[in-house]
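Engineer: Next up is a structure, given as structure tokens.
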Amino acid sequence: MATTSLLSARLLISDSWHHYVKHWNYMMEVSLWLLLFPLLSLLVAFTVAPFSLDIATILFVVFALVDALFTTWVMVRLIRLCFAQNPAEEGRIVTNLHLGWELFVPMIWVHILTLFAVLGGSVLLFFPGLWLGVLFAFAPLLVVDSNVRGIKALAASAELVKGRWWPTFWRILAGGFFFLLLIIVSLWALSLFIGLFTGAGAIQSLLNLSVEQTAYTVESFRMETISILLNRLPEALFLPVFYLFLTKLYRILKVTR
């Protein structure tokens, strides 16, 4: 299949952005669930931590573990939303929370298989791991779109990319760079806005919070939770753009196979 049949990265990014702006309200109703863990952690930091830092730390770790699983639920719903064909279907996905749990286990399993495959390839050299990562990039979308699961989802993704690895790689790289640019710009804008009230450099010290603390205190715990929230906010705002990009690239690969 000729690579010219694939839309350019520029057009894919443009289409994804226009789709995101047009359906922004639906996207946010799903994506903003990613802020649940940071908000719960912030609540613990300002209510539980002053009385017992140990209990607050335990709750934080539990929340973090649950968040890793909860993020998969959000991902399933976002992918479903990207595949939606009309506002009625979008509304059904947004209001029916159970639609994210139906494919939760298959999605987790596909991620585990992909992780082991990519890590196994990376043990040899960097490029085999990267090569496998691109081949299996569309496995999560196949779980949602075609209810293909496990190894079959990885194989189906590899078949889509077969013979078009380089054009697929460059498009994913461009989409990832655009998403990263959105994150950087939004963090910069957030830093400027908060800096108006807290003073120059205050927000940057939170975002660059490191492990150089000599003692783990209530104050450092609070700073850490604030930092997590500030970093997660741009991700929640713009993650739908990247999934829209992947979905559009997936559809192009599918119809041109």
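The values are calculated or read from the model by the stated rules, or taken from the named source; none is laboratory data. Predicted model, so just to flag it, every value in this text is computed and none were measured. Methodologically, a virtual Cβ is constructed for each residue, glycine included, from the backbone with ideal geometry; neighbour enumeration extends over all protein chains shown.
Engineer: Restricting the search to the stretch 216-257, which residues are assigned to a helix (DSSP H, G or I) and hydroxyl-bearing (Ser, Thr, Tyr)?
Structural biologist: If we filter the stretch 216-257 for residues that are assigned to a helix (DSSP H, G or I), which is where we start, we get 218-255.
Scanning the stretch 216-257 gives SER220, THR225, SER227, TYR243, THR247, TYR250.
Engineer: Regarding TRP33, is this residue out of contact with any helix residue (DSSP H, G or I) (no Cβ under 6 Å at 6 or more places or on another chain), surrounded by 12 or more Cβ atoms within 10 Å (Cβ to Cβ) and among the aromatic types (Phe, Trp, Tyr)? Spell out how you get there, then give the answer.
Structural biologist: Values: out of contact with any helix residue (DSSP H, G or I) (no Cβ under 6 Å at 6 or more places or on another chain): no; surrounded by 12 or more Cβ atoms within 10 Å (Cβ to Cβ): yes; among the aromatic types (Phe, Trp, Tyr): yes.
No: the conditions fail for TRP33.
Engineer: While we're looking at this one, here's another question. Among the residues that make up the stretch 80-97, is at least one of them in contact with a Pro (Cβ under 9 Å, 6 or more places away or on another chain), on the phi < 0 side of the Ramachandran plot and not aromatic (Phe, Trp, Tyr)?
Structural biologist: Initially, the stretch 80-97 is screened for residues in contact with a Pro (Cβ under 9 Å, 6 or more places away or on another chain), giving 81-82.
Okay, now just the ones that are also on the phi < 0 side of the Ramachandran plot, so 81-82.
Now restrict to residues that are not aromatic (Phe, Trp, Tyr): 81-82.
Yes, the stretch 80-97 contains at least one residue that is in contact with a Pro (Cβ under 9 Å, 6 or more places away or on another chain), on the phi < 0 side of the Ramachandran plot and not aromatic (Phe, Trp, Tyr).
Engineer: Under 6 Å between Cβ atoms, which residue pairs at least 6 apart in sequence (or on different chains) link something in the stretch 219-242 that is among the small types (Gly, Ala, Ser) with a partner that is part of a helix (DSSP H, G or I) and modelled with pLDDT of 85 or more?
Structural biologist: As it stands, the answer is ALA236/SER31; ALA236/LEU32; ALA236/LEU34; ALA236/LEU35, since those pairs meet every condition given.
Engineer: Right, here's the next one. With the requirement that a residue be in a helix (DSSP H, G or I) and free of Cβ contacts under 8 Å to residues at least 24 places away in the same chain, what does the stretch 143-165 give you?
Structural biologist: To start, the set of residues in the stretch 143-165 that are in a helix (DSSP H, G or I) comprises 143-146, 150-161, 165.
Answer for the stretch 143-165, where residues must be in a helix (DSSP H, G or I) and free of Cβ contacts under 8 Å to residues at least 24 places away in the same chain: SER146, LYS152, ALA155, ALA156, SER157, ALA158.
Engineer: If you don't mind, another one. Out of everything in the stretch 42-91 that is within 30 Å of TYR26 (Cα to Cα) and in contact with a Ser or Thr (Cβ under 6 Å, 6 or more places away or on another chain), what residue ends up being surrounded by the fewest Cβ atoms within 10 Å (Cβ to Cβ)?
Structural biologist: Applying the first criterion (within 30 Å of TYR26 (Cα to Cα)) to the stretch 42-91 yields 42-44, 60, 62-91.
From what's left, in contact with a Ser or Thr (Cβ under 6 Å, 6 or more places away or on another chain): 42, 60, 63, 82.
Details: LEU42: 17, PHE60: 21, PHE63: 20, CYS82: 27.
Top of the filtered list is LEU42.
Engineer: Hey, another quick one. If I go through the stretch 92-130 residue by residue, how many of them are outside any helix (DSSP H, G or I) and either modelled with pLDDT under 90 or surrounded by fewer than 16 Cβ atoms within 10 Å (Cβ to Cβ) (or both)?
Structural biologist: Within the stretch 92-130, the first condition is being outside any helix (DSSP H, G or I), and the residues that meet it are 96, 101-103, 125.
Of the ones still in play, those that are also either modelled with pLDDT under 90 or surrounded by fewer than 16 Cβ atoms within 10 Å (Cβ to Cβ) (or both) are 96, 101-102, 125.
Residues that pass the stated criteria total 4.
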